[in-house]
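Below: one structure, written as structure tokens.
Just so it is clear, none of the values below were taken in a lab; they were calculated from the coordinates. It should be emphasised that the depicted structure is a prediction, and the values quoted were computed from it without experimental measurement. Don't worry about glycine lacking a Cβ; one is built from the backbone with ideal geometry, like all the others, and counts go over all protein chains shown.
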Amino acid sequence: MKFDYSILDDTERIIFALRALYDARGYRRYKMSKFEEYDLYARHKDFLVSDAVITFTDTNGKLMALKPDVTLSIVKNNPTAPGETRKLFYNENVYRVSKGTNSFKEIMQTGLECIGNVDTACISEVLLLAAESLRTVSRNYALEISDLSLLSAFTDGLTDDQKVMGQMMKCVQEKNLHGLTELLGRCEETLPEKGGDTSERGRYRERAEALKKLLQIYGCPEKVLPPLTKLCAGNPAAEQALGNLVEAVSVFDGTPMEASVQIDFSCAADMNYYNGIVFRGFLDGVPESVLSGGQYDVLMRKMGRQAGAVGFAVYLDLLERITLPED
């Protein structure tokens with residue numbers, strides 16, 4: 001008997017469509033338990049969307065938690081051998097505080113992770129699958145891409161105060177140029193007066209202006225890459241990161257997704273866990289990102305893993321009013 005897909009609701013149809021997409025690209029479905037030891041989340045609470053976690057005591061006395069996150073479980077339970085690359089996708093419920101209700105909610109997520117020997121080709125493939133995931137749900141979408149390594153090349157040396165750096169990053173994420181200018185000005189005032197354009201203060205001012213220019217560069221790769229190349233010239237770390245970014249986004253050249261890809265450095269993430277390429281996806285009619293992801297090699301190191309990783313999650317609870325496009 002042939003399965004009648006018309007009996008599925010819109011969310012179920014989206015799940016099946018995304019599963020077919022990931023499976024066709026060689027990603028293997030991964031199933032996991034609904035709970036993990038609470039210590040896993042306590043040690044990496046800054047990585048979580050919310051540090052509110054539902055806990056219970058197991059029969060052996062261990063404190064357990066209904067999982068608020070999928071990535072941590074996948075990394076913990078999927079060791080990789082040197083040179084090995086694991087490509088996994090999932091459909092799992094997570095249990096976290098909902099933004100809308102401010103109470104705990106069971107939320108279905110789908111997504112994928114590529115861990116182990118992760119090169120630029122893997123990153124490009126994940127970016128492409130992120131865009132294809134959005135396009136599967138709606139033709140009106142945008143994928144915003146940034147590079148934390150490139151952003152770091154412009155923020156390094158601006159302050160040693162982690163609190164101030166956090167405030168700067170918040171201004172970057174909010175595209176708050178006025179607030180960023182004020183912060184940079186206050187940091188400049190703490191530098192010694194030596195006078196002249198070659199002084200420490202003069203060099204600081206040049207770096208601060210470069211960061212502000214970076215924040216104002218956004219748009220499609222064709223529009224952004226020429227001024228970005230000019231801005232990075234003479235900054236070896238920025239030039240190297242730009243090369244990686246150019247190679248990663250080249251996967252969209254000549255594809256139907258090309259016009260929906262944007263480079264935007266306000267798309268940032270916690271540098272204590274993420275590095276390199278980060279991204280988020282938006283759909284017309286939904287006021288917040290429905291997809292987010294990036295490279296999280298730093299998290300892998302924190303969990304004792306000498307390997308790379310990149311992935312993303314699609315937040316299915318935000319798609320309740322979205323229907324699949326007609327083919």
Ranked highest first by the average count of other Cβ atoms within 10 Å around their residues, in what order do 129-141, 13-25 fall?
129-141, 13-25
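What ratio of Cα Rg to 2.2 N^0.38 Å holds for the stretch 143-252? If you can, show how the numbers build up before the last one.
Numbers: Rg = 14.6 Å, N = 110, 2.2 N^0.38 = 13.1 Å.
Normalised by 2.2 N^0.38 Å, the Cα Rg of the stretch 143-252 equals 1.12.
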Obtain the nm distance between the two label points defined at ALA121 and SER199 by a simple spin-label model: each point lies 7 Å from its Cα along the Cα-to-C-beta direction.
5.4
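If the viscosity is 1.567 mPa s and the temperature 4 °C, what Stokes-Einstein diffusion coefficient in µm²/s follows for the chain when Rh is the Kirkwood radius over Cα pairs?
Working: Rh = 21.4 Å.
Result for D is 61 µm²/s.
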Only Lys, Arg, Asp and Glu count, each charged at its Cβ (+1, +1, -1, -1), so figure out the dipole size of the chain about its Cα centre, rounded to 20 debye.
520
By Cβ neighbour count within 10 Å, fewest first, VAL246, VAL126, VAL286 rank VAL246, VAL286, VAL126
Taking 7 Å along the Cα-to-C-beta vector as the label spot, tell me the GLN216-LEU48 distance in nanometres, rounded to one decimal.
4.1
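If you place +1 on the Cβ of every Lys and Arg, -1 on the Cβ of every Asp and Glu, and leave all else neutral, what size is the dipole of the stretch 254-318 about its Cα centre, to the nearest 20 Debye?
Values: 4 positive and 7 negative charges, 86 e Å.
Around 420 debye, computed over the stretch 254-318.
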Top of SER250, SER292, SER152 by mean-square fluctuation, Gaussian network on the chain, Cα under 10 Å
SER250
I'd like to know how the stretch 221-290 sits against the 2.2 N^0.38 Å rule of thumb: what's its Cα Rg over that expected value?
1.23
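Quick one: dipole size for the stretch 43-107, taken about the Cα centre, charges +1 on Lys/Arg Cβ and -1 on Asp/Glu Cβ, in debye to the nearest 20. Let's see the in-between values first.
Numbers: 10 positive and 7 negative charges, 11 e Å.
Taking the Cα centre of the stretch 43-107 as origin, the dipole is about 60 debye.
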Here the net charge surrounding ASN272, from other residues whose Cβ is less than 9 Å away from its Cβ (Lys, Arg +1; Asp, Glu -1), is -1
Label points 7 Å out from Cα along the Cβ direction at ASP160 and ARG25: separation in nm?
4.3
With bins 5 Å wide starting at 0, give me the P(r) of the stretch 104-172 over every alpha carbon pair, in whole percents.
3, 11, 15, 15, 12, 17, 17, 7, 2
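Report D for the stretch 1-159 in µm² per second (integer): Stokes-Einstein, Kirkwood Rh on Cα pairs, 4 °C, 1.567 mPa s.
71
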Which is farthest toward the positive dipole end of the stretch 167-287 among LEU183, LEU211, CYS232, measuring Cα position about the Cα centre, with Cβ charges +1 (Lys, Arg) and -1 (Asp, Glu)?
LEU183
Expected unfolding gain across GLU247-PHE35 under the 0.36 nm per residue rule, minus the alpha-carbon gap, is 72.5 nm
